[in-house]
């Protein structure tokens, strides 16, 4: 039986970067608690595989191929979802990337790519959905940021800057579209998602945070459910750190 505080029955959730990593964990958690889910990511086949998994749980699922660094893709995604299902109740801006490159070696093209995926795309998608939520029955938006926005590391300046902008956007949107739309940020630390395959064995076991280890992907779920559900009805414009005490 679903905890009534985390009951998402009948809700429609749109999750970018939903075919793997933390996004995939959220898709599974939301569907398990009654939500229908739109899985949006670049590779359609991966989205369709996750959609099949959601449908096997008895929920509706939609797979949409988008490049969230493109303004027009954000617009197409919104039009596609609203044409098919009529609304979005929960938006998770999760798609992102953060290559580690020495600042003096960054190219303009890579700089733009990082900024576009981590900030421009979420801004456009968030603004479009927030306006529709505000004009309709309301909703909640969750932006997935990074501990790198709060505690920047070397060689990830564009990524940290883009995620810091995402944090600022959260506060601005929370005020702009209140009281019908709540907007919050999850700020993850290091997690053992796909990117951890490139880490050293030591980095997969230990971390410099207070808990001394990276997070397991499923450990993002409770924060996401809190922000997506009525349990957080008085929480907006917040940054929820899920970083092991970075």
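Derivation of every value follows stated rules applied to the coordinates shown; laboratory data play no part. These figures come from a predicted structure and were not determined experimentally. Methodologically, a virtual Cβ is constructed for each residue, glycine included, from the backbone with ideal geometry; neighbour enumeration extends over all protein chains shown.
List of remarks:
- Ordering 177, 82, 151 from the fewest to the most neighbouring beta carbons within 10 Å gives 151, 82, 177.
- Pairs of Cα atoms nearer than 8 Å and 6+ residues apart set the relative contact order; for the chain it is 19 percent.
- Folded to 0 to 90 degrees: helix 21-32 orientation relative to the chain principal axis, Cα: 20
- Note on 12, 195: ascending count of other Cβ atoms within 10 Å places them as 195, 12, the fewest first.
- Averaged over residues, the count of other Cβ atoms within 10 Å places the peptides 233-246, 132-145 in the sequence 132-145, 233-246, highest first.
- Stokes-Einstein D for region 121-246, Kirkwood Rh over Cα pairs, 37 °C, 0.692 mPa s (µm²/s): 213
- For 26, 5, 68, 97, order by how many other beta-carbon atoms lie within 10 Å, fewest first: 5, 97, 68, 26
- A convex hull fitted to the Cα coordinates of region 184-240 yields 88 cubic angstrom per residue.
- Per-residue ellipticity at 222 nm, computed for the chain from helices alone with -39500 (n - 2.57) per DSSP H run of at least four residues, works out to -12500 deg cm²/dmol.
- With 5 Å bins from 0: P(r) over region 1-139, alpha-carbon pairs, percent: 2, 11, 20, 21, 19, 13, 7, 4, 2, 1, 0
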